[in-house]
Amino acid sequence: MTKMIEIPDAESDWEPATELHPSGRNPARQASMFQSATWPLSSLALLSVDLEAVARRLKLTLETSWDGHGSVRAACFVLDGTDFVITHHEGDAPGTHVWTRKGGPVDPAARAGSLLAALGVGPEAVSYSTWGVGTDKRHVPAAWGRGRGKPTRSHQDLWAYFRSSPELLVGRVTFGTVVAFLNGYDFFSEKVFLDGFREWLAAKLGYGRNLVYWVLAEMLIFPDGRPEEPWSPETEQHAVAGLIGLIDEYFDNLAGPPEERSEAV
């Protein structure tokens, strides 16, 4: 059983989070479940704190509803520009499941940090999270999969979707549009998606560690030299297939046993 973390009660001058004319002392501002019904939710963390204690601390009103996992108690509120939802399903082990929707800090750890600071606890209260803190997955509620968001491992799911139908995400499929999409997704995944890919390509070539990954990929795809532009549709198709093949090979390499992985030089 997860060890529960004690959190302090609300500060004496904090008004209820449902107050229509707030003084601004309570950092949380509550929205009703009715107001929040259309929020697309993403799982953020499981906290080893009691839902009732969180509600007392932030002076939230817990509401009762249900979903595909049964009866659930919840509160929806805004804190530091981020929309939060905290829940606990009947029958789950003690703990508070935290969800967010688009808004506030982009970094999930920063979002969670705002909440932990308001609760008066530290990162030790995080039992499991989407950004890698916490390892006790035995106590993750079944409702984790309720929202649109998934834990970080869903990068693999996106890649499977992209490689099967790239035209649905980039429109006209060319080497340039695919690279632009990959760069954008890698940026918003905080460089996690293609982490190590450039170094792996350089190791495969035996040189070029100072070059960007798409230039290294071109060298492997076109060993006799990069074709002159503009590229024909056939050349674009060959380049895109080659890049996807290299990324597949890299991911397969990562998934293999450590002793079988290629080492960057």
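The values are calculated or read from the model by the stated rules, or taken from the named source; none is laboratory data. If you're wondering where the values come from, they're calculated on a predicted model, not measured in any experiment. Methodologically, a virtual Cβ is constructed for each residue, glycine included, from the backbone with ideal geometry; neighbour enumeration extends over all protein chains shown.
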Which listed residue is of a type outside the set (S, T, N, Q), farther than 16 Å from Phe197 by Cβ and assigned by TED's automatic domain parsing to the domain that holds Phe193, from Glu228, Glu249: Glu228
Check off (1) among the hydroxyl-bearing types (Ser, Thr, Tyr); (2) at pLDDT 90 or above; (3) surrounded by 14 or more Cβ atoms within 10 Å (Cβ to Cβ) for Ser232 and give me the number that stays unchecked. (3)
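Which one is modelled with the lowest pLDDT among residues in the range 45-68 that are assigned to a loop (DSSP other than H, G, I, E, B) and hydroxyl-bearing (Ser, Thr, Tyr)?
At the first step, the residues of the range 45-68 found to be assigned to a loop (DSSP other than H, G, I, E, B) are 48-50, 59-62, 68.
Still in the list and also hydroxyl-bearing (Ser, Thr, Tyr): 48, 61.
Numbers: Ser48: 91, Thr61: 94.
Out of the qualifying residues, it is Ser48.
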Can you tell me which condition Ile244 does not meet? The list is (1) among the hydrophobic types (A, V, I, L, M, F, W, C); (2) at pLDDT below 90; (3) assigned to a helix (DSSP H, G or I), and all the others hold. (2)
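Take Gly81 and decide whether it is at pLDDT below 85, touching a helix residue (DSSP H, G or I) at 6+ places or on another chain (Cβ under 9 Å), within 15 Å of Leu116 (Cα to Cα) and of a type in the set (Gly, Ala, Ser).
Values: at pLDDT below 85: yes; touching a helix residue (DSSP H, G or I) at 6+ places or on another chain (Cβ under 9 Å): yes; within 15 Å of Leu116 (Cα to Cα): yes; of a type in the set (Gly, Ala, Ser): yes.
Yes: the conditions hold for Gly81.
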I'd like the full set of residues that are at pLDDT 70 or above and either surrounded by 17 or more Cβ atoms within 10 Å (Cβ to Cβ) or not in a loop (DSSP other than H, G, I, E, B) (or both), limited to the range 19-44. Asn26, Pro27, Ala28, Arg29, Gln30, Ala31, Leu41, Ser42, Ser43, Leu44
Can you find a residue that is in the same structural domain as Thr174 (by TED's automatic domain parsing), part of a helix (DSSP H, G or I), touching a residue at least 24 places away in the same chain (Cβ under 8 Å) and surrounded by 13 or more Cβ atoms within 10 Å (Cβ to Cβ) anywhere in the range 205-212? no
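Restricting to the range 174-189, what's the tally of residues that are outside any helix (DSSP H, G or I) and surrounded by fewer than 17 Cβ atoms within 10 Å (Cβ to Cβ)?
So the first thing to find is which residues in the range 174-189 are outside any helix (DSSP H, G or I), and the list is 174, 189.
Now drop any that are not surrounded by fewer than 17 Cβ atoms within 10 Å (Cβ to Cβ), which leaves 189.
Number of matching residues: 1.
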Hits in the range 182-218 - residues which are over 23 Å from Ala160 (Cβ atoms) and touching a Gly at 6+ places or on another chain (Cβ under 8 Å): Ala202, Val215, Leu216
